[in-house]
1. Right, Asn107: within 26 Å of Pro166 (Cα to Cα) and at pLDDT 95 or above or not?
2. Filter segment 179-202 down to residues that are exposed (fewer than 14 other Cβ atoms within 10 Å of the Cβ), assigned to a loop (DSSP other than H, G, I, E, B) and either touching a His at 6+ places or on another chain (Cβ under 9 Å) or touching a residue at least 60 places away in the same chain (Cβ under 8 Å) (or both), then give me how many there are.
3. Among residues belonging to segment 86-100 that are of a type in the set (A, V, I, L, M, F, W, C) and surrounded by fewer than 16 Cβ atoms within 10 Å (Cβ to Cβ), point out the one that is farthest from Pro16 (Cα to Cα).
4. For segment 158-178, which positions are touching a strand residue (DSSP E or B) at 6+ places or on another chain (Cβ under 7 Å) and assigned to a helix (DSSP H, G or I)?
5. Between Pro113, Pro124, which is part of a loop (DSSP other than H, G, I, E, B) and surrounded by 14 or more Cβ atoms within 10 Å (Cβ to Cβ)?
6. Name the one entry in Leu56, Leu65, Leu33 that is crowded, with 20+ Cβ neighbours inside 10 Å, out of contact with any Cys (no Cβ under 9 Å at 6 or more places or on another chain) and of a type outside the set (Val, Ile, Thr).
Amino acid sequence: MSNAKYMMSTVAACEPSYVAQALKHVGAFVGDLVSKAGSVGVRYGVVATGEHAGSLVLFQSYEDLTGIDKAFQVYAESSDYQAVISSGKLSVSFRNIIKLEDINVSNPSTDTPKYGVVTRFSGPLFLDQMSEMIPLWEDNGAMLMRYGTLVTGSQAGMRLLGATYPSMDAIEKTYDALRSSAIYEKILTEVDLDMRNIIRFAG
């Protein structure tokens, strides 16, 4: 599997009656993000919890920033993307870039996950500790992990941790295991937890 070094995340508020149609349009142009922009991973869905609940979310991972530049060209040329933007029923709330670290489960799944958990915090990078804790995600069902530092937006400099899962049960087991970890509990005393939300993926 290619090594993702950057991720772009986009959250957009969407009228509830338009969510299903918007997801169809997003699903139609994500293939171009792979074939034309070189994305090494694309996931999209709906934010299920928190202040942006009900918003659409799109995650794209790339080996370098050139891919993100190409993604904007894909947007400009995609009739599906333009249909969503011109609908008047969706507006981008924020779009940020994350510099990723080499933190992931040993055998990332390419299957479409059902859920994801995204956590944002301020504090040290904790690379050694995160590496040591990977089995806590891996052994409890996490399908893929992304971890890094926001380099754009109002939260630039904060850390972002994301993991995908096949079920809510896998999420519960993972966080039960984390709460039993002395490393995890120590990290919690050294960071300022800003946000943790659940994503329901559509593709």
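1. No; evaluated as a whole, the condition is false for this residue.
2. Of the residues in segment 179-202, 1 are exposed (fewer than 14 other Cβ atoms within 10 Å of the Cβ), assigned to a loop (DSSP other than H, G, I, E, B) and either touching a His at 6+ places or on another chain (Cβ under 9 Å) or touching a residue at least 60 places away in the same chain (Cβ under 8 Å) (or both).
3. Top of the filtered list is Phe94.
4. Within segment 158-178, Met168, Ile171 meet the criteria.
5. Pro113
6. Matching residue, one of Leu56, Leu65, Leu33: Leu33.
The values are calculated or read from the model by the stated rules, or taken from the named source; none is laboratory data. Everything numeric in this text was worked out from a predicted model, so none of it was measured. As a convention, Cβ positions derive from the backbone with ideal geometry for all residues, glycine included, and neighbour counts pool all protein chains shown.
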